[in-house]
Amino acid sequence: MKDQFDYIDKQILLQLRKDARKAYSQIAEELKVSNSLIHQRIKKLTSEGVIKNAAFVLDEKKLGYKTKSYTGIRLREARFAKEVMRELEKIDEIVECNFVSGNYAIFILIYAKDNEHLQKILYDKVHLINGVAGTDTFICFDTCFKRNILI
């Protein structure tokens, strides 16, 4: 699908990557094209599923979530994977869940208020899910950068 993007599509996506709230008229002005062309292209990119949504990026620390961790989950058996992922989705502090290869079957991203809160999430919620055999948790000190993929 990458080859299906022309110069205008790529430039629009680059602009939105920097600021998803940027006005279409401003993008049109910077690209020296019509406002309606930008609207049409964004509508096309959205209908094709390239643009899934425009979301606000929340600052977790300012919301009181001071501990960020990645947790690898080992399963008792592979057949538990889908059930475990459904149960993990019910835990609000888990913001990302990935089905992976390697030593872990599932890798999750957790935001907690502090280390004590993280411990409660792990031992009172995650470890009680049927099929979870164990976890290894890695505390994230800082996120150096985060971005969408470049086309």
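The values are calculated or read from the model by the stated rules, or taken from the named source; none is laboratory data. It should be emphasised that the depicted structure is a prediction, and the values quoted were computed from it without experimental measurement. Please note: Cβ atoms are built from the backbone with ideal geometry, for glycine as well, and neighbour counts cover all protein chains shown.
Computed values, structure above
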{"read-out": "Exclusive hit being over 14 Å from Thr135 (Cα atoms) and either at pLDDT 95 or above or of a type outside the set (S, T, N, Q) (or both), set Leu37, Leu109", "value": "Leu37"}
{"read-out": "Tally, over region 16-34, of residues that are exposed (fewer than 11 other Cβ atoms within 10 Å of the Cβ) and modelled with pLDDT of 90 or more", "value": "1"}
{"read-out": "Qualifying residues in region 121-136 (those that are charged (D, E, K, R) and within 23 Å of the chain's Cα centre (by Cα)) - the one farthest from Leu75 (Cα to Cα)", "value": "Lys125"}
